[in-house]
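The values are calculated or read from the model by the stated rules, or taken from the named source; none is laboratory data. What you see is a predicted model; the values in this text were computed from it and never measured. Note that each Cβ is placed from the backbone with ideal geometry, even for glycine, and that neighbours are counted across all protein chains shown.
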């Protein structure tokens, strides 16, 4: 119980810091929006219908914006020296992992919830549905679960933030593929029940890598 | 040390002979594949090099994961050395498999490259281990480098099967252009193939032993340097 109280405290700390500065959310959201608009310029008039490329656009925008947010998660701790404070706290190291994971996930989901209606308006697509939200939630979780570990590593290297996408993208290929595939299928009006394989793949990824991250995160923040 | 060296030299000679023999067998002894155009028939002989390279790259990355787990569990640097050395050899075999596959694909599929599941997975695998080395190179502290590389080595190898399945399903709406199982090996080909596989595996072991020896010397030099105050 104390474990989850510690996790909650870290999430709450991040949310409060974010409410004061709005740094992470605003940069992630503007970046995602810019990505969508640039893709629109890039594809418009070259593809018969934006419906064909919209799933890819949404997921690439989420991936890029998410990378931005994940980087900030540990850069702010490092720059203000508060990482040492977190490490000194008398809780299991994995509480830091889950706290950081959940706050990153929260910020990413918030961006997505606002981005999706905009995509619906800009591309005239019926992309808003609870099924899409389930897919986005599962995909974003997998992305953040792996990304939180890699972000904690990247800030401790010479290259800092530059390294995170290099580490993260090859490992999250399955999540992005499954996400694009499911978002596309739902856009084409296929029922949720036909996505079984992809959903299972995403669940296996999410659960599997949460366990691996839980087991290895302690080594990443060890000083 | 001296006896070890002699043993290693002898094994190296055996491995070299094995590779030469495997090449000779593959080019001369192995029967021609039936039912192919002349160009395809010649290109088909690449299977004796291509498949062992591909298999060894996966074995090498698997050994990297074992080394990574070993390091995290024990904290001993030799496990990190094993992970590093094996990953380097793995990249070499990955490139060898990709290059030889490309040479075969041109006559067989009339293209150097297609975005087939296996090829796509392989590209992702190559990128994973390029990132692995980028991560290693971005740190100066050896203990931290070993820890981070070990964590990444585990994530990278575990993601490979999931990536493979996801890419295979991703492509299922397209017709299957070919199936590697379609022309299984005939009886005359099998001994040559397995000989080649054994020779390449021995080559991997030898390369790994040499590379580990180099890593040990490097560490010894570093230690001496520190003692001398350079």
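Which condition number in (1) closer than 20 Å to residue A:151 by Cβ; (2) at pLDDT below 90; (3) in contact with a helix residue (DSSP H, G or I) (Cβ under 6 Å, 6 or more places away or on another chain) is the one that residue A:43 fails? (1) is the only condition that residue A:43 fails. Counting only residues that are over 24 Å from residue B:121 (Cβ atoms) and modelled with pLDDT of 95 or more, region B:27-70 holds 1 of them.
In region B:115-132, the residues that are more than 8 Å from chain A (Cβ to nearest Cβ) reach residues that are in a helix (DSSP H, G or I) and surrounded by fewer than 16 Cβ atoms within 10 Å (Cβ to Cβ) with C-beta atoms within less than 7 angstrom, at least six apart or across chains, in these pairs: B:117/B:168. Screening region B:126-144 for residues that are under 29 Å from residue B:205 (Cβ atoms) and out of contact with any helix residue (DSSP H, G or I) (no Cβ under 6 Å at 6 or more places or on another chain) and picking the one that is modelled with the lowest pLDDT gives B:142.
Is it the case that region B:92-102 has a residue that's within 15 Å of residue B:56 (Cα to Cα), within 14 Å of another protein chain (Cβ to nearest Cβ) and crowded, with 19+ Cβ neighbours inside 10 Å? Let's see the steps before the verdict.
First, pick out the residues of region B:92-102 that are within 15 Å of residue B:56 (Cα to Cα): B:92-101.
Filter once more, so that each one left must be within 14 Å of another protein chain (Cβ to nearest Cβ): B:94.
So of that shortlist, the ones also crowded, with 19+ Cβ neighbours inside 10 Å come out as B:94.
Checking region B:92-102: at least one residue is within 15 Å of residue B:56 (Cα to Cα), within 14 Å of another protein chain (Cβ to nearest Cβ) and crowded, with 19+ Cβ neighbours inside 10 Å.
Rundown of residues vs (1) in contact (Cβ under 8 Å) with a residue 12 or more places away in the chain; (2) crowded, with 20+ Cβ neighbours inside 10 Å; (3) part of a helix (DSSP H, G or I), yes/no style:
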{"residue": "A:5", "(1), (2), (3)": "no, no, yes"}
{"residue": "A:26", "(1), (2), (3)": "no, no, yes"}
{"residue": "A:45", "(1), (2), (3)": "no, no, no"}
{"residue": "A:71", "(1), (2), (3)": "yes, yes, yes"}
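Go through region B:39-58 residue by residue and tally those that are buried (at least 17 other Cβ atoms within 10 Å of the Cβ), part of a helix (DSSP H, G or I) and under 20 Å from the mean Cα position of the chain (by Cα). Spell out the reasoning first.
Going through region B:39-58, the residues buried (at least 17 other Cβ atoms within 10 Å of the Cβ) turn out to be B:43-54, B:56-58.
Restricting the remaining residues to those that are part of a helix (DSSP H, G or I) gives B:43-44, B:47-54, B:56-58.
If we keep only those that are under 20 Å from the mean Cα position of the chain (by Cα) too, we end up with B:47-54, B:56-58.
The qualifying residues number 11.
Checked against (1) part of a helix (DSSP H, G or I); (2) in contact with a helix residue (DSSP H, G or I) (Cβ under 6 Å, 6 or more places away or on another chain); (3) within 14 Å of chain A (Cβ to nearest Cβ); (4) at pLDDT 90 or above, residue B:167 passes all but a single condition, namely (4). So for region B:1-17 (the condition being assigned to a loop (DSSP other than H, G, I, E, B), at pLDDT below 85 and surrounded by 14 or more Cβ atoms within 10 Å (Cβ to Cβ)), does at least one residue qualify? So far as region B:1-17 goes, no, none of its residues is assigned to a loop (DSSP other than H, G, I, E, B), at pLDDT below 85 and surrounded by 14 or more Cβ atoms within 10 Å (Cβ to Cβ). Check region B:72-89 and report whether any residue there is assigned to a helix (DSSP H, G or I) and within 9 Å of another protein chain (Cβ to nearest Cβ). Yes. Considering region B:59-77, and only residues there that are touching a residue at least 12 places away in the same chain (Cβ under 8 Å) and over 14 Å from the mean Cα position of the chain (by Cα), the residue that is surrounded by the fewest Cβ atoms within 10 Å (Cβ to Cβ) turns out to be B:77.
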